[in-house]
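**Q** Take this structure first; my questions come after.
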Amino acid sequence: MLRVLTSTLRFPRPWKPLETRGCSSNPGAAGREIQVCALAGPNQGIAEILMNRPSARNALGNVFVSQLLEALAQLREDRQVRVLIFRSGVKGVFCAGADLKEREQMSEAEVGLFVQRLRGLMTEIAAFPAPTIAAMDGFALGGGLELALACDLRVAAASSAVMGLIETTRGLLPGAGGTQRLPRCLGVALAKELIFTGRRLSGVQAQALGLVNHAVAQNEEGNAAYHRARALAQEILPQVDIASGMAIEGICYAQNIPTRDRLEGMAAFREKRLPRFVGE
């Protein structure tokens with residue numbers, strides 16, 4: 001079950017059982033283009049960012065980006081979030097990329113500042129403290145693919161997902177991290193080919209190249225990638241998060257510091273001999 005948090009984007013502490021499945025049933029709640037949802041029960045710890053701007057196919061406009069940044073800031077502070085899924089409430093679309101109609105009205109200086117904000121958004125996603133998964137059930141073009149590339153994992157519908165850094169076909173170039181993250185994902189030569197040509201890939205083709213982790217057959221509801229992403233998130237949930245893991249490592253190291261074996265190991269290294277450990 002899900003509850004949409006649309007007003008302040010703050011989770012109650014501690015989380016309470018969620019009563020409604022609002023992310024999919026209440027599109028555009030409170031007029032927001034971005035909604036934050038939290039799963040309950042056995043899925044507690046999984047949070048979702050639902051992108052819901054049907055009028056512009058989830059294009060990355062000023063309001064859309066501001067609300068994404070706000071959602072990330074709130075979720076980053078909630079230590080109960082163990083996995084974060086990015087999904088779309090617009091059927092057939094993950095994110096169509098930059099809002100070029102909005103950008104056309106900007107001055108050159110405004111365009112530069114906005115692209116810088118987009119780059120900052122992708123950096124925030126890449127630096128999110130919990131694993132992130134992009135559920136691409138439809139088009140993920142330009143900035144939409146850059147958003148997915150900023151996530152740790154990507155799941156796509158085999159046939160209905162279409163992705164590509166198509167900026168060169170618009171007289172532009174990827175400006176929100178695509179020129180950096182795509183080569184790190186696929187290698188320099190293949191990334192250059194995809195960027196230079198602006199080629200579009202299906203989910204199946206993207207998986208064959210290693211661009212997505214999973215490509216799944218689409219269902220009648222058009223949300224197969226989301227369901228696979230959620231199943232993947234459930235697999236991740238039992239793992240210890242990095243912050244807790246670092247704390248555990250620190251505790252273990254503190255226990256090791258006063259031991260005789262640690263001192264013996266360092267002495268043996270200094271004296272260039274094998275250590276004589278005694279288990280103390």
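The values are calculated or read from the model by the stated rules, or taken from the named source; none is laboratory data. All of these numbers come straight from a predicted model, not from anything done at the bench. Because the Cβ atoms are built from the backbone with ideal geometry, glycine has one as well, and the counts that use them run over all protein chains shown. Side chains included, ligands, DNA and RNA excluded: accessible areas come from the protein's heavy atoms. Shrake-Rupley method; radii C 1.70, N 1.55, O 1.52, S 1.80 Å.
**Q** Can you give the three extents of the C-alpha atoms in the range 82-209 along their principal axes, from longest to shortest, in whole Å?
**A** 38, 35, 30
**Q** I'd like the FRET efficiency for Arg262 and Gln239, computed as 1/(1 + (r/R0)^6) with the beta carbon distance as r and R0 of 30 Å, rounded to 0.05.
**A** Working from the Cβ atoms, E equals 0.55.
**Q** Could you sort Lys91, Lys192, Lys101 by accessible area so the largest value comes first, with the probe set to 1.4 Å?
**A** Lys101, Lys91, Lys192
**Q** Same structure again: Can you compute the modelled spin-label distance between Val188 and Ala217, with each label point 7 Å from Cα toward Cβ, in nm?
**A** According to this spin-label approximation, the distance is 4.2 nm.
**Q** Quick one: helix 260-271 against the long Cα principal axis of the chain, what's the angle to the nearest 10°, folded into 0 to 90?
**A** So the inclination is approximately 90 degrees.
**Q** Determine how large the accessible area of Met51 is when every protein chain is in place; take a 1.4 Å probe and give Å² rounded to the nearest 10.
**A** Approximately 0 Å² for this residue.
**Q** Using a 7 Å offset from the Cα along the Cα-to-Cβ direction at both Arg199 and Gln44, what is the distance between the two label points in nm, to one decimal?
**A** Between Arg199 and Gln44, the simple spin-label model gives 4.8 nm.
**Q** To the nearest 10 square angstrom, what accessible area does Glu249 show with a 1.4 Å probe?
**A** For Glu249, the solvent-accessible surface is approximately 120 Å².
**Q** Considering only the chain, what is the antiparallel percent among its DSSP beta bridges, to the nearest 5?
**A** Rounded to the nearest five, the antiparallel share is 35 percent.
**Q** While we're looking at this one, here's another question. Mind checking which of Gly120, Leu149, Leu194 is farthest towards the positive end of the range 112-203's charge dipole, using Cβ charges of +1 (Lys, Arg) and -1 (Asp, Glu) about the Cα centre?
**A** So the residue we want is Leu194.
**Q** Suppose R0 equals 41 Å. What FRET efficiency, 1/(1 + (r/R0)^6) with r the Cβ-Cβ distance, do Cys252 and Ala208 give to the nearest 0.05?
**A** FRET efficiency, Cys252 to Ala208: 0.45.
**Q** Now for a different question. At 7 Å along Cα-to-Cβ for each site, give me the label-to-label distance between Val278 and Arg117 in nm.
**A** Modelled inter-label distance: 6.7 nm.
**Q** How would Tyr253, Tyr226 line up by accessible area, probe 1.4 Å, largest first?
**A** Tyr253, Tyr226
**Q** Just going by the charge dipole of the chain, with Lys and Arg at +1 and Asp and Glu at -1 on Cβ, which of Ala38, Phe277, Pro131 is farthest out on the positive end?
**A** Positive-end residue among those listed: Phe277.
**Q** Something else now. Quick check for me: using +1 on Lys/Arg Cβ and -1 on Asp/Glu Cβ, what's the dipole size of the chain about its Cα centre, in debye to the nearest 20?
**A** Once rounded to the nearest 20, the dipole reads 320 debye.
**Q** As a test of reading the structure, rank Arg262, Arg32, Arg170 by solvent-accessible area (1.4 Å probe, protein chains only), most first.
**A** Arg170, Arg262, Arg32
**Q** Note down the accessible area of Leu173, probe 1.4 Å, to the nearest 10 Å².
**A** 120 Å²
**Q** Could you tell me how many degrees, from 0 to 90 and to the nearest 10, lie between the Cα long axis of helix 224-236 and the main elongation axis, the longest principal axis, of the Cα atoms of the chain?
**A** That works out to roughly 10 degrees.
**Q** Can you tell me the accessible area per residue over the range 108-229, all protein chains present, probe 1.4 angstrom, in square angstrom?
**A** Here the per-residue accessible area is 42 Å².
**Q** I would also like to ask the following. Nearest 10 degrees is fine. How inclined is helix 242-256 to the longest principal axis of the chain, computing both from alpha carbons?
**A** Tilt of helix 242-256: around 10 degrees.
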